[in-house]
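See below for the structure under consideration.
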Protein chains: 2
Amino acid sequence: MQALPTYDDVAAAARRIEGHAHRTPVLRSRTADALLGAELFFKCENLQRSGAFKFRGAYNALARFDAGQRRAGVVAFSSGNHAQAIALAARLQGIPAAIVMPHDAPAAKVAATRGYGAEIIVYDRYTEDREVIAVHLARERGMTLVPPYDHADVIAGQGTATQELIEEVGPLDDLFVCLGGGGLTSGAALAARALAPGCRVHGVEPEAGNDAQQSLARGEIVHIATPQTIADGAQTQHLGALTFAIIRRDVADIVTASDDQLVEAMRFFAERMKIVVEPTGCLAFAGARHAGIDLVGRRVGIIVSGGNIDLARYAALLAAEPAAKRASLESPL
Amino acid sequence: MQALPTYDDVAAAARRIEGHAHRTPVLRSRTADALLGAELFFKCENLQRSGAFKFRGAYNALARFDAGQRRAGVVAFSSGNHAQAIALAARLQGIPAAIVMPHDAPAAKVAATRGYGAEIIVYDRYTEDREVIAVHLARERGMTLVPPYDHADVIAGQGTATQELIEEVGPLDDLFVCLGGGGLTSGAALAARALAPGCRVHGVEPEAGNDAQQSLARGEIVHIATPQTIADGAQTQHLGALTFAIIRRDVADIVTASDDQLVEAMRFFAERMKIVVEPTGCLAFAGARHAGIDLVGRRVGIIVSGGNIDLARYAALLAAEPAAKRASLESPL
């Protein structure tokens with residue numbers, strides 16, 4: 001296993017991405033405050049370049065390439081935000097990029113990734129293993145593989161979102177973070193431990209796939225089948241070695257949110273806060289609202305992780321009024 | 001006619017609203033920049049308290065009430081953003097508020113306004129005149145009427161959005177502003193003239209109701225029938241005496257945008273910038289994109305005026321792919 005990244009790596013990443021990544025805004029909502037009886041600070045990574053926090057880690061990882069690595073290029077496998085983040089960061093740094101994507105990836109995502117100038121390598125998700133293809137490609141062409149979460153530079157880059165949040169609003173009592181493979185959560189934990197030592201960091205994963213919760217309970221990385229959830233960015237089957245080690249050490253707990261709770265949060269974000277948030281990006285707020293953690297009177301950070309969702313799908317989710325509905329939304333502040 | 005407000009009034013309003021109104025973020029989009037060949041700065045008043053710039057003018061107007069006015073309270077007539085802005089500003093300042101709303105106003109808007117603690121006075125929009133009712137109510141109860149746009153304190157308050165924008169990003173070459181009754185546009189013009197003297201201010205109104213464009217051409221306030229447009233915040237029938245005088249003096253031109261162009265902009269905001277913008281709030285960007293004004297190489301401000309839209313309606317507009325579609329959106333940066 002690589003050495004665990006530290007807060008110093010987060011601080012170094014912050015210097016590397018400065019002027020390249022957006023310093024995203026922190027939004028407030030009196031309605032949300034009133035719902036939870038707390039002071040909430042929403043760090044809006046849906047407003048980040050490429051539409052998600054992933055750009056931070058991708059840019060940081062590529063910025064650490066040496067001259068040979070830069071010439072040979074980068075490989076990534078992902079059908080989601082990591083692919084677009086690597087493609088964009090590579091283009092900005094003049095590094096060739098090859099992205100391994102499933103043959104049935106949404107046309108809009110393929111087009112966006114290609115639009116960033118990346119080469120698309122298509123595979124059949126039912127008969128081939130993308131990791132094998134990516135590793136093979138990396139060897140064959142001498143390219144460097146940047147995995148989506150279990151990588152020190154990626155984790156350090158993701159931690160900069162929390163660093164910026166705490167720099168802007170001051171110490172927090174609680175921080176809720178969307179959790180898939182654990183890159184964002186472990187980066188957040190590194191930053192929070194250094195900048196707001198008393199802060200409890202809560203990872204929030206989909207109810208349908210609570211592998212991180214199980215992993216903490218068992219003290220080892222638990223593998224699960226691909227979870228069925230609308231949070232497509234958190235359909236990971238297991239934590240990584242690095243993310244598990246950091247999360248076990250620095251995170252207070254892992255809680256879960258159901259798909260209905262994610263839709264409720266998505267509608268809240270649109271209706272009350274006027275921001276578009278993808279299902280995965282709704283995990284943190286849904287967890288803060290429903291996981292039964294007492295937040296009354298506390299200062300609470302919420303990392304809104306991304307906003308990349310097909311418009312037709314987004315429209316359909318907004319239109320479908322969830323069961324647990326309006327009542328709670330009718331006392332605006 | 002009252003004396004015209006000046007930039008000094010905008011600066012004074014900025015001091016009054018500080019700490020009460022949000023200093024809203026300015027967002028960038030490389031995709032939008034590439035589409036127009038310009039540097040665009042989006043001032044996001046959809047992220048303002050009560051969901052629209054209207055809070056600025058409302059708060060400023062109420063902050064100038066004397067003790068007697070504060071006790072007697074405020075009256076406003078509006079089925080839209082001005083109503084909610086007055087209701088919220090009044091509550092924050094401990095002033096009683098009565099809002100005159102049509103009997104068939106959307107339940108969500110009535111609930112939101114009542115939620116802010118305002119008294120709702122219902123009228124029949126087919127048989128009664130809301131202005132007459134409001135004036136009568138003001139006289140009867142000794143309350144002060146704050147009209148939605150033709151009022152010096154309201155105009156000065158709206159100007160603070162442009163002041164903040166220019167303070168944050170520096171001088172602009174062009175500024176596009178959504179135009180209904182002209183409160184936002186005339187406030188913007190006052191601020192731009194003082195802070196960025198070379199800046200061309202463009203008002204953008206719905207194609208279906210170009211009364212301001214006609215008014216400038218004729219040199220007098222033109223009245224039109226209520227225009228049929230999805231930009232419900234710009235369904236005004238005429239400019240006010242104050243807004244007309246300022247716009248005539250300080251605005252470079254008035255252009256228009258069609259409903260299809262507004263939907264296209266709304267989808268762009270959701271898909272590319274991850275923000276929820278109501279149809280009226282899309283006017284400025286749609287005008288910048290389609291009105292034929294050469295913006296290449298220029299620094300352009302876009303005032304995104306608000307984000308209040310019924311979710312079901314928003315979902316329907318996002319889902320309905322407009323005729324002029326995807327091609328232009330498929331080269332993300």
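The values are calculated or read from the model by the stated rules, or taken from the named source; none is laboratory data. These figures come from a predicted structure and were not determined experimentally. Note that we place each Cβ from the backbone using ideal geometry, even for glycine, and neighbour counts take in every protein chain shown. Remember, those area values only see protein heavy atoms, side chains included, never the ligands or the DNA or RNA. Shrake-Rupley method; radii C 1.70, N 1.55, O 1.52, S 1.80 Å.
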### Task
Relative to the longest principal axis of the C-alpha atoms of chain A, give the angle of the C-alpha long axis of helix A:7-17, reported between 0 and 90° and rounded to the nearest 10°.
70
## Note on the structure
Per the 1/(1 + (r/R0)^6) rule, R0 = 41 Å and r from the Cβ atoms of B:Thr6 and A:Val169, FRET efficiency to 0.05 is 0.70
### Query
Which parts of the stretch B:244-292, residue by residue, lose 30 Å² or more of accessible area when the rest of the protein chains are there, as against the chain isolated (1.4 Å probe)?
B:Glu271, B:Lys274, B:Val276
### Message
How charged is the neighbourhood of B:Ala189? Take every other residue with its Cβ under 11 Å from the Cβ of B:Ala189, and add Lys/Arg as +1 and Asp/Glu as -1.
### Response
+3
### Query
Residues of the stretch B:97-121 with accessible area at least 10 Å² lower in the all-protein-chain context than alone (1.4 Å probe)?
B:Ala108, B:Ala111, B:Ala112, B:Gly115, B:Tyr116
### Message
With n ≥ 4 as the cut-off for DSSP H runs, can you work out [θ] at 222 nm for the protein assembly as shown, using -39500 (n - 2.57) per run divided by the number of residues, rounded to the nearest 500?
### Response
-12500 deg cm²/dmol
#### Entry: Choice from B:Ala97, B:Ala189, B:Ala156 with maximal GNM fluctuation in chain B (Cα, 10 Å cutoff)
B:Ala97
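So, R0 is 25 Å and r is the distance between the beta-carbons of B:Arg64 and B:Ala241; what FRET efficiency does that work out to, to 0.05?
0.80
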### Task
For the stretch A:158-200 and the stretch B:207-223, write down the distance between their C-alpha centroids in whole Å.
53
### Message
Under 10 Å, Cα contacts only: if you run a Gaussian network model on chain B, which one of B:Pro279, B:Pro227, B:Pro148 comes out with the highest mean-square fluctuation?
### Response
B:Pro227
### Message
For chain A, take the longest principal axis of its alpha carbons; what is the angle in degrees between that and the long axis of helix A:183-195, to the nearest 10 within 0 to 90?
### Response
60
### Message
Less than 9 Å Cβ to Cβ from A:Asp174, Lys/Arg counted +1 and Asp/Glu -1: what total charge do the surrounding residues give?
### Response
+2
### Query
Helix B:130-141 versus the longest principal axis of chain B: what is the Cα-based angle in degrees, 0 to 90, to the nearest 10?
40
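With a cut-off of 8 Å between alpha carbons and a minimum separation of six or more residues, what is the relative contact order of the stretch B:1-152 in percent?
Relative contact order comes out at 21 percent.
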### Message
I'd like the Kirkwood hydrodynamic radius of the stretch A:1-126, using the inverse of the mean 1/r over distinct C-alpha pairs, in Å.
### Response
16.2
### Query
Hey, what did the stretch A:1-91 get for relative contact order, percent, Cα under 8 Å, at least 6 apart?
25
### Query
Gaussian network model of chain A, Cα springs within a sub-10 Å range: biggest mean-square fluctuation belongs to which of A:His238, A:His22, A:His136?
A:His136
### Solution diffusion estimate, µm²/s, Stokes-Einstein, the stretch A:92-132, Kirkwood Rh from C-alpha pairs, 4 °C, viscosity 1.567 mPa s
119
### Summary
DSSP beta bridges in chain B: the antiparallel percent, rounded to 5, is 10
## Note on the structure
Counting only residues 5 or more apart in sequence or on a different chain, those whose built amide H sits under 5 Å from that of B:Arg298 are B:Glu39
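What value does the stretch A:157-265 have for Rg/Rh, both radii from Cα atoms and Rh as Kirkwood defines it?
Ratio value, two decimals: 0.97.
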### Summary
Note: the protein assembly as shown at 4 °C, 1.567 mPa s; Kirkwood Rh on alpha carbon pairs; Stokes-Einstein D in µm²/s works out to 50
### Task
Give the distance, in whole Å, between the Cα centre of the stretch B:269-305 and the Cα centre of the stretch B:122-157.
31
### Message
Once ligands and nucleic acids are excluded and a 1.4 Å probe is used, how much of B:Leu145 is accessible, expressed in Å² to the nearest 10?
### Response
50
### Largest to smallest principal axis extent of the C-alpha atoms in the stretch B:96-158, angstrom
31, 23, 21
### Query
Once B and A are treated as a pair rather than alone, how much accessible area drops out, both sides summed, in Å² to 100, probe 1.4 Å?
2800
### Message
Compute accessible area for the stretch A:23-51 by itself and then with all protein chains, 1.4 Å probe, and report residues whose area falls by 10 Å² or more.
### Response
A:Pro25, A:Leu27, A:Arg28, A:Arg30, A:Asn46, A:Leu47, A:Arg49
## Note on the structure
A 1.4 Å probe over the protein heavy atoms gives chain B a carbon and sulfur accessible-area percentage of 48
### Task
Please work out the average accessible area per residue across the stretch B:1-131, using the 1.4 Å probe convention, and give it in Å².
40
